[in-house]
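So the structure is just underneath, and the comments pick up after that.
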Amino acid sequence: MSAHIPTPRRWWNIAGTVAVIAMAFSAHASLADSVVAPTTAPQNAPGEGIQPQISLHMGQTPMLYDLADQPVEHVSPLIDRQVIYGAQSTFVVWTMKTGAIVPLHHHPNEQITWITRGRAEVYSGGKKYVMKAGDLMVIPPNVPHKFVITEDTVDIDIFAPQRQDWIDGTADYLRK
């Protein structure tokens, strides 16, 4: 069984994606300025993390972030968030106080929600789901959903693909 080696066209796609992301960040300086670069430099580990027949001339390398160093955005009086954008996903930590509401909305992104502390009610499709610490929910793309926070809550969400509407500043449902 041979390892898959990307074709030059695939490398162009990766390079093109990186270029588009770079242009998006430069076009939205306030967003780019709010993302804190990794603070821990990687250490050399000769021979580790290398697969045979895969080029060492990769266009991208992993990025290590300390969540505590990421800026906190005050979305509303009851909702704060910290966001990290990957090339194909968005990671967010929400800190929400009792009584916070994320209004009914939908987006083209799959959303994985993990309640790490607290409690929330999720309304979707005429049903109410009660989430508590330790629960995860996968919300498919374009499915309308609403969150009502019933206890102070920490919620970790992962979106794929990345939340372009947040990057563009066009998602205003949280500020209503």
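Against the list (1) among the charged types (D, E, K, R); (2) in contact (Cβ under 8 Å) with a residue 40 or more places away in the chain; (3) crowded, with 17+ Cβ neighbours inside 10 Å, the condition Asp168 fails is (3). Screening Glu151 with (1) outside any loop (DSSP other than H, G, I, E, B); (2) closer than 17 Å to Glu73 by Cβ gives one miss only, at (2).
Examine the range 125-145 for a residue that is outside any strand (DSSP E or B), in contact with a helix residue (DSSP H, G or I) (Cβ under 8 Å, 6 or more places away or on another chain), modelled with pLDDT of 95 or more and open to solvent by less than 60 Å² (accessible area, probe 1.4 Å), and state whether such a residue exists. Within the range 125-145, not a single residue is outside any strand (DSSP E or B), in contact with a helix residue (DSSP H, G or I) (Cβ under 8 Å, 6 or more places away or on another chain), modelled with pLDDT of 95 or more and open to solvent by less than 60 Å² (accessible area, probe 1.4 Å). Applying the set (1) surrounded by 16 or more Cβ atoms within 10 Å (Cβ to Cβ); (2) charged (D, E, K, R); (3) more than 30 Å from Gln43 (Cα to Cα) to Asp157 leaves exactly one unmet item: (3). Of the residues making up the range 110-124, those that are at positive phi and either surrounded by fewer than 17 Cβ atoms within 10 Å (Cβ to Cβ) or polar (S, T, N, Q) (or both) number 0. Scanning for something over 17 Å from Ser89 (Cβ atoms), polar (S, T, N, Q) and without any contact (Cβ under 8 Å) to a residue 12 or more places away in the chain, does the range 135-150 turn up at least one residue? Taking every residue of the range 135-150 in turn, none turns out to be over 17 Å from Ser89 (Cβ atoms), polar (S, T, N, Q) and without any contact (Cβ under 8 Å) to a residue 12 or more places away in the chain.
The values are calculated or read from the model by the stated rules, or taken from the named source; none is laboratory data. Quick caveat: nothing in here was measured; it's all calculated off a predicted structure. For neighbour counting, all protein chains shown are included, and Cβ atoms are generated from backbone atoms with ideal geometry for every residue, glycine included. Each accessible area value is taken on the protein alone, full model and side chains, heavy atoms only, with ligands, DNA and RNA left out. Shrake-Rupley method; radii C 1.70, N 1.55, O 1.52, S 1.80 Å.
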